[in-house]
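Notes for the one structure printed next.
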Amino acid sequence: AYRLFRERRAGGLKIRHGAVVKGSEGFFAAWSLKGKLLAGFSAVLMAMAIVAVLGMWGMGVTNEAVGRMYHDRLKPTQALSVIGKLMADNRSQVLLSLQHDPAGKYAQLHDHGLDFHVKQIDANIAEITSRWAEYTQSVSGDEQKKLADAFAEARGRYFNEGLLPAKEALLAGQFDEANQILLKKINPHYTEAAKRAGELYEFQSAEGLRQLEASEETLRFERLWIVVVSLLAIGGGIAIALALVRSITAPISEIIATFQALANGDFTRNIQLDRNDEMGKVMQGLQSMQIQQGFNVAEAQRVANDNLRIRIALDCVSSNLRIADDSGLVLYANKGLLTTLRQIEGGLREQQPGFSVDGFVGSNIGAFYADPAAALKTLRELQGTRQTELDIGGRIYNVITNPIINDRGQ
């Protein structure tokens, strides 16, 4: 292969990632894995964004329809309902006021005066005026305006020809006159106004139904587009996912196999380095790690062997020897020291109840001193060799303590 390229006889052959191959790599071959992932996820996110925009548009249309239904139908209908209720209440208040006629047998039974009903009539009139002004803001179209004008005219007759004169007659004490106005004016005009209000109710109901049907048609249209775009997004997402999986799973399987070999202590596995994208760089880094890990394991084994030799050597020393860490925890005791402790174990148990030679390694040397905290502080601050005599298990021992300091001064 080298000769073919050197002599310019390779023809359509190419060297790609260390291998001699034919043909081109394809459109996406030159892309990095990052570029493929970004392109794939961008396409999916764009489809999701389109679906989201369609959904938001649909929600906006629905919200607008609901808003129109509320402002154009529900709120005006509510205002009409309140107006009808208050008009009926005003008629009732006139009826109740007639019971305050001093000539009647029920006048003395009331715990309130005539003005109670008159004030209620005035309050109702103010509320009706406010509600009608609210309703007229929603009036649109000739048909609704015509119906609203007819109701306003009927309500005006009910108010001007019936309710106001009846109220004035009541305040003047002319109860018979007020009763006549109730029968001849208020009742007929109320019936006419109620009829006109019913026509407005029917108009509001018919228009609400029309708006509902239009909203349902819009919903069907929105749903169709959302389903189509969602299916396209799902199909595109699946295709992109499969393409990305194919470009990732093979090197990942190789990586997993290499890690399994490392876990089993095999640092000699050959790693395929036939690509130079991000996954290829991972493989290259894995190969470097494998080499470094193999060296570290070999070095750790060497150090462990050296430490084992030192431990064996210390065990063969006849002198009593122990090693403790900075907190006083016993890390090591040679055979000579353990033999000595067994000889005086009984005496030690008198000084330290529960003492055991088998548990000496892992215990704290502060227990051998009268003041453990002060003794450990002194040992931690030791700068050179110290020689003391200690009563250990009923015997006097000459104890030599040396600080072992590493290259970091610890």
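The values are calculated or read from the model by the stated rules, or taken from the named source; none is laboratory data. These numbers were taken from a predicted model, which means no experiment stands behind them. Neighbour counts run over all protein chains shown; Cβ positions are idealised from the backbone, glycine included. Quick note on the areas: whole protein, heavy atoms, side chains included, nothing else; ligands and nucleic acids left out. Shrake-Rupley method; radii C 1.70, N 1.55, O 1.52, S 1.80 Å.
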Consider only pairs whose beta carbons are under 9 Å apart and that are at least six residues apart or on different chains; among these, list those whose first residue lies in the stretch 213-232 and is open to solvent by less than 100 Å² (accessible area, probe 1.4 Å) and whose second residue is polar (S, T, N, Q). Ser215/Thr62; Thr218/Thr62; Leu219/Thr62; Glu222/Thr62
Tell me which residues, restricted to the stretch 289-316, are open to solvent by less than 60 Å² (accessible area, probe 1.4 Å) and touching a residue at least 12 places away in the same chain (Cβ under 8 Å). Gln290, Gly294, Leu314, Asp315
Tally, over the stretch 276-288, of residues that are of a type in the set (D, E, K, R) and either open to solvent by less than 60 Å² (accessible area, probe 1.4 Å) or under 20 Å from Thr339 (Cβ atoms) (or both): 1
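Results for (1) surrounded by fewer than 13 Cβ atoms within 10 Å (Cβ to Cβ); (2) of a type outside the set (Ser, Thr, Tyr), shown as yes or no for each residue.
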{"site": "Ser319", "(1), (2)": "yes, no"}
{"site": "Asp326", "(1), (2)": "yes, yes"}
{"site": "Asn334", "(1), (2)": "no, yes"}
{"site": "Ile344", "(1), (2)": "no, yes"}
{"site": "Gln351", "(1), (2)": "no, yes"}
{"site": "Asp358", "(1), (2)": "yes, yes"}
{"site": "Gly366", "(1), (2)": "no, yes"}
{"site": "Asp371", "(1), (2)": "yes, yes"}
Quick check: anything in the stretch 53-72 closer than 30 Å to Ile234 by Cα and among the hydroxyl-bearing types (Ser, Thr, Tyr)? yes
List, please: which pairs have Cβ atoms under 8 Å, are six or more places apart or on different chains, and start with a residue in the stretch 369-381 that is over 17 Å from Gln352 (Cα atoms) and end with one that is of a type in the set (Gly, Ala, Ser) and open to solvent by 40 Å² or more (accessible area, probe 1.4 Å)? Leu376/Ser327
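Condition check ((1) part of a helix (DSSP H, G or I); (2) open to solvent by 80 Å² or more (accessible area, probe 1.4 Å); (3) touching a helix residue (DSSP H, G or I) at 6+ places or on another chain (Cβ under 6 Å)) across all residues:
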position: Gly84; (1), (2), (3): yes, no, yes
position: Gln93; (1), (2), (3): yes, no, yes
position: Gly104; (1), (2), (3): no, no, no
position: His117; (1), (2), (3): yes, no, yes
position: Ile125; (1), (2), (3): yes, no, no
position: Gly162; (1), (2), (3): yes, no, yes
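Taking the stretch 243-264 as the search range and keeping residues that are loosely packed, with under 10 Cβ neighbours inside 10 Å and assigned to a helix (DSSP H, G or I), which one is modelled with the highest pLDDT?
To start, the set of residues in the stretch 243-264 that are loosely packed, with under 10 Cβ neighbours inside 10 Å comprises 246, 263-264.
Among the residues that remain, those that are also assigned to a helix (DSSP H, G or I) are: 246, 263.
Details: Arg246: 76, Ala263: 87.
Filtering first and then ranking leaves Ala263.
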Subset of the stretch 112-139 [polar (S, T, N, Q) and touching a His at 6+ places or on another chain (Cβ under 8 Å)]: Ser138
Kindly indicate whether any position in the stretch 25-35 is free of Cβ contacts under 8 Å to residues at least 40 places away in the same chain, in a helix (DSSP H, G or I) and more than 30 Å from Asn187 (Cβ to Cβ). yes
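For (1) modelled with pLDDT of 85 or more; (2) under 30 Å from Pro102 (Cβ atoms); (3) of a type outside the set (Asp, Glu); (4) open to solvent by 30 Å² or more (accessible area, probe 1.4 Å), each residue gets a yes or a no:
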| position | (1), (2), (3), (4) |
| --- | --- |
| Glu143 | yes, no, no, yes |
| Leu147 | yes, no, yes, yes |
| Lys167 | yes, yes, yes, yes |
| Gly173 | yes, yes, yes, yes |
| Gln180 | yes, yes, yes, yes |
